[in-house]
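Written out below as structure tokens is the structure these notes cover.
The values are calculated or read from the model by the stated rules, or taken from the named source; none is laboratory data. Please read these numbers as outputs of a predicted model, since none were measured by experiment. All Cβ positions, even for glycine, are placed from backbone atoms using ideal geometry, and neighbour counts span all protein chains on display. What goes into the accessible areas is simple: the full protein's heavy atoms, side chains included, and nothing from ligands, DNA or RNA. Shrake-Rupley method; radii C 1.70, N 1.55, O 1.52, S 1.80 Å.
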Amino acid sequence: MVWPIRAQSLKSNRLQGTDSMKRRISAILLLFILLSATVVIAGCTRPGDSNPTATPTPTPDNTTIISPGALLFDMSKFHEFEYDIYASDGKTSVRVGKLKAEYEIVPYGNVSDARHMRETRIIGEGSGAVTTITDLYYRQSNNWILGGHATTITANGTTEKEIPEDDPAYWNADMATISSNVEFYDHGIDPVAVDMGFFPRAKKYTSTDSGITLWMDESVPIPVKIAGSGISDGTRITTTMELVRYS
């Protein structure tokens with residue numbers, strides 16, 4: 001059990017990262033960002049598909065709370081959200097980026113009510129920051145991509161890319177609409193402090209297949225925290241996405 005602490009204290013205790021720490025997290029961060037785009041769940045398929053492939057390994061309590069096919073984001077209760085992204089090697093914790101997603105219903109092509117997602121992802125700081133703005137349009141009935149556009153901004157300039165509907169790289173790009181093909185297990189109340197605030201009644205869930213941990217709270221329609229870890233240059237790096245706000 002995590003003892004209650006104030007979100008302000010959590011922020012003030014974050015350590016400034018060293019250059020070596022930032023170098024170690026670079027590889028695992030890229031992997032985690034790719035995973036987070038699919039709700040950081042192993043075995044995801046294109047929205048609308050229904051062919052689960054992963055076989056979960058139960059935790060000792062053997063209590064399945066979030067089953068395959070479940071959506072972790074209740075899209076009827078928000079139109080935008082924002083997470084800060086942190087990475088830690090167990091000694092040093094640094095903020096390494098942020099992710100913001102905005103949603104609206106607009107006409108696109110011959111579809112009068114396409115769902116438009118604009119995701120702004122910033123990784124790094126200062127001259128080393130990479131900003132990616134992705135606009136995707138979906139058919140609401142099955143969440144299939146109709147098309148879109150991506151803009152990448154670095155210190156060296158801006159690149160543009162048109163996204164066709166058959167580009168598999170973007171099939172799972174909207175983390176809010178991807179359902180899992182694995183099960184998450186309930187580990188009970190685990191109070192958690194994130195950028196948005198302190199959640200004393202948050203519940204902790206883990207997936208033994210993907211190594212991902214989620215913290216959910218009944219008062220919030222999306223995960224308040226998502227965490228995963230991996231090895232980079234011999235060091236285990238834990239990367240977390242912490243909710244800043246939603247509306």
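Would you mind getting the accessible area per residue of region 182-246, heavy atoms of the protein chains only, 1.4 Å probe, in Å²?
It amounts to 36 Å² per residue over region 182-246.
Can you sort Trp215, Trp171 by 1.4 Å-probe accessible area, starting with the largest?
Descending order: Trp171, Trp215.
Could you rank Ser232, Ser112 by how accessible they are, 1.4 Å probe, largest area first?
Ser112, Ser232
In debye, nearest 20, what is the charge dipole magnitude of region 62-246 about its Cα centre with +1 on Lys and Arg Cβ and -1 on Asp and Glu Cβ, if you could check?
Rounded to the nearest 20 debye, it is 440 debye.
How much of the calculated P(r) for region 62-246 lies past 27 Å, in percent of all Cα pairs?
Beyond 27 Å sits 34 percent of the P(r) for region 62-246.
Can you tell me the length gained on complete extension of the stretch Asp135 to Ile189, counting 0.36 nm per residue apart and subtracting the Cα distance?
Stretched out fully, the Asp135 to Ile189 stretch lengthens by 15.8 nm.
Using a 1.4 Å probe and counting only protein heavy atoms, arrange Met216, Met241 so the residue with the most accessible area comes first.
Accessible-area ranking of Met216, Met241, largest first: Met216, Met241.
Count charges around Val106 for me, please; just the other residues with Cβ under 14 Å from its Cβ, Lys/Arg as +1, Asp/Glu as -1.
Once all neighbours under 14 Å are counted, the net charge is -1.
Can you give me the % of accessible surface on region 141-247 that is carbon or sulfur? Probe 1.4 Å, all protein chains present, nothing else counted.
49 percent
With all protein chains present, calculate the accessible area of Arg139 using a 1.4 Å probe and round the result to the nearest 10 Å².
Accessible area, nearest 10 Å²: 100 Å².
Compute the FRET efficiency between Glu125 and Ala70 as 1/(1 + (r/R0)^6), taking r as their Cβ-Cβ distance and R0 = 35 Å, and round to the nearest 0.05.
Taking R0 as 35 Å, the efficiency between Glu125 and Ala70 is 0.50.
Going 7 Å from the Cα of Thr152 along its beta-carbon direction, which residues of region 129-144 have the amide nitrogen within less than 11 Å of the resulting point?
Inside the label zone: 130-133.
For the cross-link pairs Lys100/Lys203; Lys161/Lys203; Lys77/Lys98, which exceed 32 Å when the distance is taken from alpha carbon to alpha carbon?
Violating the 32 Å Cα-Cα cut-off are Lys161/Lys203.
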